[in-house]
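Q: Submitted below is the structure of interest, expressed as C-alpha coordinates.
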Amino acid sequence: MRVLHLISGGDTGGAKTHVLTLLKELNKQIDAQLLCIMEGVFTKEAKEMGIPITIMLQKKRYNIFIVRKMIKFINDNNFDILHCHGARANFLAILLKPWIKIPIITTIHSDYKLDFTNDRYKQLFYTPINSLALRGISYYIAVTEAFKDMLVDRGFDEDVIYEVYNGISFNDESDLLTKREFFQKYNISLEEDVLYIGSVARLHPVKGIDVFLKGAVEVIKNYPMARFVVAGEGPDRKKYEYFIEKNNLTDKVFLLGHVEDIVSFYNAIDINVLASYSESFPYALLEGGRQKKPTVSSSVGGISKMIDHGENGFLFQPGDYKSMSKYLLTLIKDEELRLKIGKAFYEKIKNDFSSGKMAERHIEIYKEILEGRKLK
(Lines give C-alpha, C1' and ligand atoms only; values in the text may rest on other atoms or scores of the structure.)
Protein backbone atom coordinates (compact mmCIF):
# COMPACT_ATOMS: atom_id res chain seq x y z
CA MET A 1 0.00 0.00 0.00
CA ARG A 2 1.31 3.43 -0.97
CA VAL A 3 -0.16 6.50 0.74
CA LEU A 4 0.82 10.09 -0.05
CA HIS A 5 0.27 12.67 2.68
CA LEU A 6 -0.18 16.20 1.35
CA ILE A 7 0.49 19.09 3.73
CA SER A 8 1.75 22.62 3.22
CA GLY A 9 5.05 22.04 5.05
CA GLY A 10 4.92 25.24 7.04
CA ASP A 11 2.94 23.65 9.84
CA THR A 12 3.84 23.90 13.51
CA GLY A 13 2.29 22.75 16.77
CA GLY A 14 -0.04 19.80 17.05
CA ALA A 15 -0.61 19.24 13.33
CA LYS A 16 3.16 18.99 12.78
CA THR A 17 3.59 16.55 15.64
CA HIS A 18 0.62 14.47 14.52
CA VAL A 19 1.70 14.08 10.90
CA LEU A 20 5.37 13.38 11.60
CA THR A 21 4.54 10.93 14.40
CA LEU A 22 2.00 9.18 12.19
CA LEU A 23 4.31 8.94 9.15
CA LYS A 24 7.14 7.54 11.22
CA GLU A 25 4.88 4.77 12.52
CA LEU A 26 3.15 4.09 9.22
CA ASN A 27 6.44 3.50 7.44
CA LYS A 28 7.08 0.51 9.68
CA GLN A 29 4.27 -1.27 7.81
CA ILE A 30 3.40 0.54 4.56
CA ASP A 31 4.92 3.00 2.10
CA ALA A 32 3.85 6.42 3.43
CA GLN A 33 5.34 9.56 1.87
CA LEU A 34 5.04 13.32 2.29
CA LEU A 35 4.40 15.94 -0.37
CA CYS A 36 4.92 19.55 0.76
CA ILE A 37 4.58 22.87 -1.04
CA MET A 38 6.84 24.96 1.19
CA GLU A 39 9.86 24.48 3.41
CA GLY A 40 10.15 25.12 7.12
CA VAL A 41 10.64 23.47 10.48
CA PHE A 42 8.19 20.77 9.44
CA THR A 43 10.13 19.67 6.37
CA LYS A 44 13.43 19.92 8.25
CA GLU A 45 12.21 17.59 10.98
CA ALA A 46 10.70 15.19 8.46
CA LYS A 47 14.05 14.82 6.75
CA GLU A 48 15.83 14.35 10.07
CA MET A 49 13.36 11.57 10.93
CA GLY A 50 14.05 9.81 7.64
CA ILE A 51 10.49 10.24 6.34
CA PRO A 52 10.32 10.12 2.51
CA ILE A 53 9.47 13.65 1.43
CA THR A 54 9.07 15.53 -1.85
CA ILE A 55 8.90 19.33 -1.93
CA MET A 56 7.20 21.18 -4.80
CA LEU A 57 7.45 24.84 -3.95
CA GLN A 58 4.28 26.90 -4.33
CA LYS A 59 5.38 30.46 -3.66
CA LYS A 60 1.87 31.91 -3.83
CA ARG A 61 -1.39 30.34 -2.69
CA TYR A 62 -3.12 31.29 -5.92
CA ASN A 63 -0.45 29.71 -8.14
CA ILE A 64 -2.27 26.53 -9.19
CA PHE A 65 0.13 25.52 -11.97
CA ILE A 66 1.78 23.29 -9.40
CA VAL A 67 -1.23 20.98 -9.75
CA ARG A 68 0.10 19.67 -13.08
CA LYS A 69 3.33 18.56 -11.42
CA MET A 70 1.40 16.96 -8.59
CA ILE A 71 -0.84 15.01 -10.96
CA LYS A 72 2.18 13.61 -12.78
CA PHE A 73 3.97 12.78 -9.52
CA ILE A 74 0.96 10.98 -8.03
CA ASN A 75 0.11 9.00 -11.16
CA ASP A 76 3.73 8.12 -12.00
CA ASN A 77 4.30 6.77 -8.48
CA ASN A 78 1.10 4.71 -8.34
CA PHE A 79 -0.11 5.92 -4.98
CA ASP A 80 -3.24 4.21 -3.66
CA ILE A 81 -4.53 7.01 -1.43
CA LEU A 82 -4.04 10.76 -1.07
CA HIS A 83 -4.28 11.88 2.57
CA CYS A 84 -4.54 15.64 3.16
CA HIS A 85 -3.85 17.83 6.18
CA GLY A 86 -4.86 21.48 6.35
CA ALA A 87 -6.64 24.10 4.27
CA ARG A 88 -4.05 24.45 1.48
CA ALA A 89 -3.86 20.70 1.01
CA ASN A 90 -7.65 20.44 0.91
CA PHE A 91 -7.91 23.10 -1.79
CA LEU A 92 -5.24 21.45 -3.92
CA ALA A 93 -6.92 18.08 -3.44
CA ILE A 94 -10.17 19.12 -5.11
CA LEU A 95 -8.16 20.37 -8.09
CA LEU A 96 -6.33 17.05 -8.23
CA LYS A 97 -9.41 14.89 -7.73
CA PRO A 98 -10.60 14.60 -11.38
CA TRP A 99 -7.14 13.57 -12.55
CA ILE A 100 -5.76 11.12 -10.02
CA LYS A 101 -8.66 8.66 -9.59
CA ILE A 102 -7.70 7.51 -6.10
CA PRO A 103 -9.53 8.03 -2.79
CA ILE A 104 -8.84 11.31 -1.02
CA ILE A 105 -8.91 11.56 2.77
CA THR A 106 -8.44 14.62 4.94
CA THR A 107 -7.77 14.76 8.65
CA ILE A 108 -9.83 17.27 10.63
CA HIS A 109 -7.30 18.61 13.14
CA SER A 110 -9.42 21.55 14.31
CA ASP A 111 -12.68 23.41 13.82
CA TYR A 112 -12.00 24.64 10.29
CA LYS A 113 -14.23 27.69 10.84
CA LEU A 114 -11.83 28.92 13.55
CA ASP A 115 -8.52 28.30 11.80
CA PHE A 116 -8.03 31.88 10.56
CA THR A 117 -9.67 33.91 13.33
CA ASN A 118 -6.45 35.81 14.02
CA ASP A 119 -6.49 37.39 10.55
CA ARG A 120 -9.64 39.09 9.28
CA TYR A 121 -8.59 38.87 5.61
CA LYS A 122 -7.81 35.15 5.84
CA GLN A 123 -10.98 34.54 7.81
CA LEU A 124 -13.11 36.18 5.12
CA PHE A 125 -11.28 34.58 2.19
CA TYR A 126 -9.69 31.26 3.16
CA THR A 127 -12.34 29.93 5.55
CA PRO A 128 -15.09 29.78 2.88
CA ILE A 129 -12.63 28.24 0.38
CA ASN A 130 -11.62 25.54 2.83
CA SER A 131 -15.25 24.93 3.80
CA LEU A 132 -16.11 24.40 0.14
CA ALA A 133 -13.05 22.23 -0.51
CA LEU A 134 -13.93 19.93 2.37
CA ARG A 135 -17.28 19.18 0.73
CA GLY A 136 -15.47 17.74 -2.28
CA ILE A 137 -13.20 15.36 -0.38
CA SER A 138 -14.12 11.69 -0.23
CA TYR A 139 -13.36 10.67 3.36
CA TYR A 140 -12.62 12.32 6.70
CA ILE A 141 -10.64 11.37 9.78
CA ALA A 142 -11.66 13.35 12.85
CA VAL A 143 -9.14 13.42 15.70
CA THR A 144 -11.93 13.57 18.30
CA GLU A 145 -15.50 12.39 18.63
CA ALA A 146 -16.47 16.05 19.04
CA PHE A 147 -15.06 16.90 15.61
CA LYS A 148 -16.89 13.96 14.05
CA ASP A 149 -20.12 15.23 15.60
CA MET A 150 -19.29 18.72 14.35
CA LEU A 151 -19.01 17.46 10.76
CA VAL A 152 -22.25 15.52 11.01
CA ASP A 153 -24.04 18.57 12.44
CA ARG A 154 -22.78 20.57 9.47
CA GLY A 155 -24.23 18.12 6.98
CA PHE A 156 -21.30 15.82 6.21
CA ASP A 157 -22.11 12.16 5.57
CA GLU A 158 -21.49 10.20 8.77
CA ASP A 159 -20.70 7.04 6.78
CA VAL A 160 -17.48 8.52 5.41
CA ILE A 161 -16.21 10.00 8.68
CA TYR A 162 -13.76 8.02 10.80
CA GLU A 163 -12.56 8.82 14.30
CA VAL A 164 -8.91 8.37 15.32
CA TYR A 165 -7.43 10.00 18.40
CA ASN A 166 -3.90 11.37 18.32
CA GLY A 167 -1.14 9.13 19.59
CA ILE A 168 2.35 9.74 20.92
CA SER A 169 5.58 7.78 20.75
CA PHE A 170 7.08 6.44 23.94
CA ASN A 171 10.42 5.69 22.31
CA ASP A 172 11.67 9.27 22.31
CA GLU A 173 15.38 9.29 23.13
CA SER A 174 15.88 13.05 22.95
CA ASP A 175 18.71 14.55 24.96
CA LEU A 176 17.08 16.60 27.69
CA LEU A 177 18.38 19.78 29.21
CA THR A 178 18.24 19.79 32.98
CA LYS A 179 15.73 22.08 34.61
CA ARG A 180 18.51 24.52 35.49
CA GLU A 181 20.03 24.41 32.00
CA PHE A 182 16.67 25.05 30.35
CA PHE A 183 15.74 28.08 32.45
CA GLN A 184 19.26 29.52 32.24
CA LYS A 185 18.85 29.45 28.45
CA TYR A 186 15.95 31.90 28.87
CA ASN A 187 17.62 33.97 31.62
CA ILE A 188 15.19 32.71 34.25
CA SER A 189 16.72 32.02 37.65
CA LEU A 190 15.97 28.68 39.28
CA GLU A 191 14.92 29.40 42.85
CA GLU A 192 14.27 27.14 45.82
CA ASP A 193 10.63 26.47 46.71
CA VAL A 194 9.52 27.85 43.35
CA LEU A 195 7.11 25.81 41.23
CA TYR A 196 7.06 26.39 37.49
CA ILE A 197 3.69 26.19 35.79
CA GLY A 198 3.92 25.89 32.03
CA SER A 199 1.75 26.02 28.95
CA VAL A 200 2.59 25.24 25.34
CA ALA A 201 0.30 27.33 23.15
CA ARG A 202 0.29 29.83 20.33
CA LEU A 203 -0.31 33.40 21.45
CA HIS A 204 -3.67 33.35 19.77
CA PRO A 205 -7.13 34.16 21.23
CA VAL A 206 -8.44 30.60 20.85
CA LYS A 207 -5.63 29.24 23.04
CA GLY A 208 -6.94 30.97 26.18
CA ILE A 209 -3.71 32.73 27.14
CA ASP A 210 -5.90 35.38 28.77
CA VAL A 211 -7.34 32.66 31.02
CA PHE A 212 -3.86 31.37 31.83
CA LEU A 213 -2.68 34.87 32.78
CA LYS A 214 -5.76 35.70 34.89
CA GLY A 215 -5.29 32.38 36.64
CA ALA A 216 -1.66 33.28 37.27
CA VAL A 217 -2.76 36.45 39.06
CA GLU A 218 -5.04 34.42 41.35
CA VAL A 219 -2.40 31.80 42.11
CA ILE A 220 0.35 34.30 42.85
CA LYS A 221 -1.88 36.09 45.36
CA ASN A 222 -1.92 32.87 47.37
CA TYR A 223 1.47 31.43 46.45
CA PRO A 224 3.95 34.17 45.48
CA MET A 225 6.65 31.60 44.69
CA ALA A 226 4.79 30.33 41.61
CA ARG A 227 6.24 31.12 38.19
CA PHE A 228 4.33 30.87 34.91
CA VAL A 229 5.99 30.17 31.55
CA VAL A 230 4.47 30.00 28.07
CA ALA A 231 6.17 28.31 25.11
CA GLY A 232 4.74 29.70 21.91
CA GLU A 233 4.56 32.71 19.62
CA GLY A 234 1.67 34.44 17.94
CA PRO A 235 -0.16 37.59 16.89
CA ASP A 236 -1.39 38.60 20.36
CA ARG A 237 1.99 38.78 22.06
CA LYS A 238 1.88 42.54 22.68
CA LYS A 239 -1.55 42.28 24.28
CA TYR A 240 -0.31 39.65 26.72
CA GLU A 241 2.90 41.55 27.42
CA TYR A 242 0.77 44.56 28.35
CA PHE A 243 -1.31 42.45 30.73
CA ILE A 244 1.84 41.09 32.38
CA GLU A 245 3.30 44.57 32.84
CA LYS A 246 0.03 46.09 34.03
CA ASN A 247 -0.34 43.41 36.72
CA ASN A 248 3.30 43.65 37.88
CA LEU A 249 4.08 40.10 36.75
CA THR A 250 7.26 40.72 34.78
CA ASP A 251 9.35 38.71 37.27
CA LYS A 252 6.76 35.95 37.59
CA VAL A 253 5.32 35.33 34.12
CA PHE A 254 7.53 34.68 31.10
CA LEU A 255 6.62 34.44 27.42
CA LEU A 256 9.45 32.37 25.96
CA GLY A 257 8.42 32.62 22.30
CA HIS A 258 8.94 29.62 20.04
CA VAL A 259 10.69 26.82 21.91
CA GLU A 260 12.35 24.34 19.59
CA ASP A 261 13.39 21.92 22.35
CA ILE A 262 9.88 21.38 23.62
CA VAL A 263 10.74 18.10 25.35
CA SER A 264 13.14 19.97 27.64
CA PHE A 265 10.41 22.53 28.33
CA TYR A 266 8.13 19.81 29.66
CA ASN A 267 11.02 18.37 31.64
CA ALA A 268 11.61 21.76 33.29
CA ILE A 269 8.08 22.60 34.41
CA ASP A 270 6.29 21.18 37.46
CA ILE A 271 2.67 21.48 36.30
CA ASN A 272 1.31 21.52 32.76
CA VAL A 273 -1.68 23.71 31.82
CA LEU A 274 -3.80 24.16 28.73
CA ALA A 275 -6.48 26.86 28.88
CA SER A 276 -7.82 26.77 25.31
CA TYR A 277 -11.34 27.73 24.29
CA SER A 278 -11.18 25.16 21.47
CA GLU A 279 -8.96 22.12 20.94
CA SER A 280 -8.90 18.76 19.24
CA PHE A 281 -6.85 16.12 21.05
CA PRO A 282 -3.80 18.21 21.90
CA TYR A 283 -0.23 17.01 21.85
CA ALA A 284 0.45 19.82 24.30
CA LEU A 285 -1.11 17.53 26.91
CA LEU A 286 0.11 14.19 25.56
CA GLU A 287 3.72 15.38 25.50
CA GLY A 288 3.50 16.67 29.04
CA GLY A 289 1.84 13.46 30.17
CA ARG A 290 4.65 11.42 28.65
CA GLN A 291 6.90 13.11 31.19
CA LYS A 292 4.43 12.45 34.02
CA LYS A 293 3.52 16.09 34.52
CA PRO A 294 0.37 16.74 36.57
CA THR A 295 -2.07 18.50 34.29
CA VAL A 296 -4.83 21.09 34.51
CA SER A 297 -6.83 21.77 31.35
CA SER A 298 -9.99 23.31 29.98
CA SER A 299 -12.54 20.63 29.09
CA VAL A 300 -12.82 21.13 25.33
CA GLY A 301 -12.55 18.90 22.27
CA GLY A 302 -11.50 15.38 23.16
CA ILE A 303 -9.57 16.29 26.30
CA SER A 304 -12.10 14.61 28.60
CA LYS A 305 -11.25 11.35 26.80
CA MET A 306 -7.66 11.52 28.06
CA ILE A 307 -8.16 13.24 31.43
CA ASP A 308 -10.46 11.73 34.04
CA HIS A 309 -11.16 14.67 36.34
CA GLY A 310 -9.67 14.21 39.77
CA GLU A 311 -7.97 10.92 38.85
CA ASN A 312 -5.23 11.76 36.36
CA GLY A 313 -5.68 15.51 36.04
CA PHE A 314 -8.11 18.37 36.58
CA LEU A 315 -10.59 19.88 34.13
CA PHE A 316 -12.30 23.26 34.14
CA GLN A 317 -14.82 24.90 31.86
CA PRO A 318 -13.29 27.13 29.17
CA GLY A 319 -12.74 30.66 30.45
CA ASP A 320 -13.09 29.71 34.12
CA TYR A 321 -9.75 30.96 35.39
CA LYS A 322 -10.85 30.82 39.01
CA SER A 323 -11.40 27.07 38.86
CA MET A 324 -8.10 26.72 37.02
CA SER A 325 -6.29 28.59 39.78
CA LYS A 326 -8.06 26.52 42.47
CA TYR A 327 -6.82 23.26 40.94
CA LEU A 328 -3.32 24.69 40.51
CA LEU A 329 -3.18 25.69 44.17
CA THR A 330 -4.35 22.20 45.14
CA LEU A 331 -1.44 20.70 43.24
CA ILE A 332 1.05 23.33 44.39
CA LYS A 333 0.34 22.55 48.04
CA ASP A 334 0.54 18.76 47.70
CA GLU A 335 3.71 17.23 46.20
CA GLU A 336 2.45 13.69 46.74
CA LEU A 337 -0.71 14.49 44.76
CA ARG A 338 1.37 15.97 41.94
CA LEU A 339 3.36 12.75 41.66
CA LYS A 340 0.25 10.58 41.83
CA ILE A 341 -1.68 12.58 39.22
CA GLY A 342 1.32 12.77 36.89
CA LYS A 343 1.95 9.03 37.04
CA ALA A 344 -1.73 8.20 36.47
CA PHE A 345 -1.84 10.45 33.40
CA TYR A 346 1.30 8.80 32.01
CA GLU A 347 -0.25 5.34 32.39
CA LYS A 348 -3.50 6.44 30.72
CA ILE A 349 -1.91 7.82 27.58
CA LYS A 350 0.64 5.01 27.31
CA ASN A 351 -2.13 2.41 27.41
CA ASP A 352 -4.70 4.18 25.25
CA PHE A 353 -3.00 6.77 23.04
CA SER A 354 0.28 5.42 21.70
CA SER A 355 1.52 6.29 18.21
CA GLY A 356 1.50 2.59 17.34
CA LYS A 357 -2.24 2.31 17.99
CA MET A 358 -2.86 5.49 16.00
CA ALA A 359 -0.99 4.11 12.99
CA GLU A 360 -2.71 0.73 13.19
CA ARG A 361 -6.11 2.41 13.08
CA HIS A 362 -5.10 4.47 10.05
CA ILE A 363 -4.01 1.34 8.19
CA GLU A 364 -7.34 -0.32 9.00
CA ILE A 365 -9.14 2.70 7.54
CA TYR A 366 -6.98 2.73 4.41
CA LYS A 367 -7.72 -0.97 3.83
CA GLU A 368 -11.43 -0.53 4.38
CA ILE A 369 -11.57 2.33 1.89
CA LEU A 370 -9.54 0.46 -0.73
CA GLU A 371 -11.36 -2.84 -0.33
CA GLY A 372 -14.92 -1.91 0.33
CA ARG A 373 -15.90 1.57 -0.74
CA LYS A 374 -16.52 3.35 -3.99
CA LEU A 375 -15.08 6.75 -4.70
CA LYS A 376 -17.34 9.56 -3.58
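Q: Residue pairs, Cβ under 7 Å, 6 or more apart or interchain, first in segment 98-116 and assigned to a strand (DSSP E or B), second modelled with pLDDT under 95 and of a type in the set (Phe, Trp, Tyr). List them.
A: Ile108/Phe147
Q: Determine which member of the set Asp157, Asp153, Asp175 is over 26 Å from Ser355 (Cβ atoms) and within 24 Å of the chain's Cα centre (by Cα).
A: On the way: Asp157 fails: within 24 Å of the chain's Cα centre (by Cα); Asp175 fails: over 26 Å from Ser355 (Cβ atoms).
When all the criteria are applied, what remains is Asp153.
Q: Of the residues Ser276, Ser325, Ser299, only one is open to solvent by 30 Å² or more (accessible area, probe 1.4 Å) and among the polar types (S, T, N, Q); which?
A: Ser299
Q: Could you name every one of the strands (runs of 3 or more DSSP E) located completely within segment 1-70 that has at least 1 residues being among the aliphatic types (A, V, I, L, M), open to solvent by less than 30 Å² (accessible area, probe 1.4 Å) and at pLDDT 90 or above?
A: It comes to 2-7, 31-36.
Q: Here is a check on your reading of the model: is Thr330 open to solvent by 10 Å² or more (accessible area, probe 1.4 Å), under 19 Å from Tyr196 (Cβ atoms) and of a type in the set (Ser, Thr, Tyr)?
A: Yes: the conditions hold for Thr330.
Q: What is the number of the single condition among (1) modelled with pLDDT of 95 or more; (2) in contact with a Phe, Trp or Tyr (Cβ under 9 Å, 6 or more places away or on another chain); (3) of a type in the set (S, T, N, Q) that Asn77 does not meet?
A: (2)
Q: Within segment 334-352, which residues are assigned to a helix (DSSP H, G or I) and charged (D, E, K, R)?
A: Residues satisfying the conditions are Glu335, Glu336, Arg338, Lys340, Lys343, Glu347, Lys348, Lys350, Asp352.
Q: Among strands (runs of 3 or more DSSP E) lying entirely in segment 223-333, which contain 2 or more residues that are small (Gly, Ala, Ser) and at pLDDT 95 or above?
A: 226-231, 295-298
Q: Which pairs have Cβ atoms under 9 Å, sit 6 or more apart or on different chains, and link a residue in segment 301-329 that is at negative phi to one that is open to solvent by 50 Å² or more (accessible area, probe 1.4 Å) and of a type in the set (Phe, Trp, Tyr)?
A: Close Cβ pairs (under 9 Å, with a partner that is open to solvent by 50 Å² or more (accessible area, probe 1.4 Å) and of a type in the set (Phe, Trp, Tyr)) amount to Pro318/Tyr277; Leu328/Tyr223; Leu329/Tyr223.
Q: Okay, next question. In segment 169-176, is there at least one residue being hydrophobic (A, V, I, L, M, F, W, C), assigned to a loop (DSSP other than H, G, I, E, B) and either modelled with pLDDT of 95 or more or closer than 30 Å to Ile104 by Cβ (or both)?
A: no
Let's see how each residue does on (1) closer than 15 Å to Gly9 by Cα; (2) without any contact (Cβ under 8 Å) to a residue 12 or more places away in the chain; (3) touching a helix residue (DSSP H, G or I) at 6+ places or on another chain (Cβ under 7 Å):
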| position | (1), (2), (3) |
| --- | --- |
| Asn27 | no, no, no |
| Gly40 | yes, no, no |
| Glu45 | yes, no, yes |
| Ile53 | yes, no, yes |
| Leu57 | yes, no, no |
| Lys60 | yes, yes, no |
| Arg68 | no, yes, no |
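Q: So is Val160 surrounded by 18 or more Cβ atoms within 10 Å (Cβ to Cβ) and within 29 Å of Glu25 (Cα to Cα) or not?
A: No.
The values are calculated or read from the model by the stated rules, or taken from the named source; none is laboratory data. Since this is a predicted model, take the numbers as computed values, not measurements. Because the Cβ atoms are built from the backbone with ideal geometry, glycine has one as well, and the counts that use them run over all protein chains shown. Remember, those area values only see protein heavy atoms, side chains included, never the ligands or the DNA or RNA. Shrake-Rupley method; radii C 1.70, N 1.55, O 1.52, S 1.80 Å.
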